[in-house]
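Scroll down for the structure; my scribbles are underneath it.
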Amino acid sequence: MVTDTHRAIETVWRIEAPRLIAGLTRVVRDLGAAEELAQDALVAALEQWPVDGVPDNPGAWLMTTAKRRAIDRIRRDETYRRKLAEAGRDLTETSPDIGALVAEDDGIGDDLLRLVFVACHPVLSAEARAALTLRLLGGLTTDEIARAFLVPEPTVAQRIVRAKKTLAAAKVPFEVPMGDELASRLSSVLEVVYLIFNEGYSATAGDDWMRPALCEDALRLGRVLARLAPREPEVHGLVALMEIQASRSAARTGPGGEPILLADQNRARWDQLLVRRGLTALRRAESLTGDRPGPYVLQAAIAACHARARHFEDTDWERIAGLYEGLAQATPSPVVELNRAVALSMAYGPEAGLDLLDQLMAFPALRDYHLMPSARGDFLVRLGRSAEARAEFERAASLTRNERERTLLLDRAAACDR
């Protein structure tokens, strides 16, 4: 049936689009043109596959079709002969051989890695990098990205268009950076993937506590990146962190979608397959990292402490506090210090956490950060200072933009009276 064929096309497109765009970008050296050619191939599939059937190698069919269109475009260019020699060296004017094309694209992993570094180039804003990465590598439509981040579709469309123009104007090369540049550029890539994951894991705004589809997209991107860069410990560290965090998803919300705090979660609902995958990725990262683990490896080690504890009371909070101290040295940040305060309060008592929070009040970035009064409220509850705790929870509720989290914080404030 046509509907079944269309469903097959949609599935194939989700899988093949990133590799298709990556391969075409290598050919035409223009990200915007590559995406247009890929879309042309998709249109051709929508026209032909319902009639002729889905080909045995749909990815190769799409690449063949797109490269034919690329050659047609180059032929119309005034510098046809020079560009044809570069872009179509293995193609003839007759129909290309599918087997030859598949062989040519054996290095498609390299092209995907190049595309990752282009889409996440630091010349773009974090929002633009996330949108472009989800579009090119996640296979999401503009509408899907807009709904995921709760922003208008035209806003996302503009971000993507401007991002392509910015990359073209900056003449960003289609290559994997080398030497000292690699570390900083890889950091940008990992930042984008983790930004996408975090927005799915704890939505900053809206009516839902979580958006699992975004977590899944980030995990898929992370796993692809781990295959493309197998010797990079921070890549495996980020994958380990996301796998372990994602393992708790089913236990983080109640029947009505309400948030469930870590201490109250039913750990039997944690996905043990994801836990095992995360711990395996962490071991891989630690074997590559040496004596100075990076921030993602450290965060994954913290997540592993929670994953290994069968009950909340079994958590090794002293080790977690030590890991946060290492993380604070690796990447100094007020938010890391806030998390360290929570770990200190669990390891050594709420007074220890409260002392550090008092010091953090000097950071402007934390004054309107809702988790600051939330943590303070928790420490005060444990110290029996209920009236002060209530005020902190109410302040935290006024600062969050997530409706589920606001309800949770107001409930905690009300509980202080009881």
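FYI, it's all coordinate maths here, none of it is from the lab. What you are looking at is a predicted structure, and each value in this text was computed from that prediction instead of being measured. Quick reminder, even Gly has a Cβ in these numbers, built from the backbone with ideal geometry, and neighbours come from all protein chains shown.
Data table
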{"read-out": "FRET efficiency for Arg276 and Thr166, using Cβ-Cβ distance with R0 set to 41 Å, rounded to 0.05", "value": "0.50"}
{"read-out": "Translational D in µm²/s for the chain (Stokes-Einstein at 25 °C, 0.890 mPa s, Kirkwood Rh from C-alpha pairs)", "value": "103"}
{"read-out": "Mean separation of Cα contacts under 8 Å (6+ apart) over length of the chain, as relative contact order %", "value": "10"}
{"read-out": "Neighbour net charge for Thr331 - beta-carbon separation under 15 angstrom, K R +1, D E -1", "value": "-2"}
{"read-out": "Overall Cα dimensions of segment 215-274, principal axis frame, Å, largest first", "value": "40, 19, 17"}
{"read-out": "Dipole magnitude (debye, nearest 20) for segment 125-177, charges at Cβ of Lys, Arg, Asp, Glu", "value": "220"}
{"read-out": "Magnitude of the charge dipole, the chain, Cβ model with Lys/Arg +1 and Asp/Glu -1, debye to 20", "value": "280"}
{"read-out": "Crossing angle, helix 403-416 versus the chain [Cα axis fit, 0-90 degrees, rounded to tens]", "value": "10"}
{"read-out": "Nearest 10 degrees, 0 to 90: helix 31-52 Cα axis against the chain principal axis", "value": "70"}
{"read-out": "Extended-chain gain in nm, criterion 0.36 nm per residue less alpha-carbon gap, Asp417 and Arg382", "value": "11.2 nm"}
{"read-out": "Over 21 Å [Cα-Cα, segment 151-309], rounded percent", "value": "52"}
{"read-out": "Cα gyration tensor category, rounded, prolate or oblate, for segment 368-418 with a/c compared to 1.5", "value": "oblate"}
{"read-out": "Neighbour count of at most 16 Cβ within 10 Å plus DSSP loop: longest GluC sites (Glu not before Pro)-free window in the chain", "value": "176-418"}
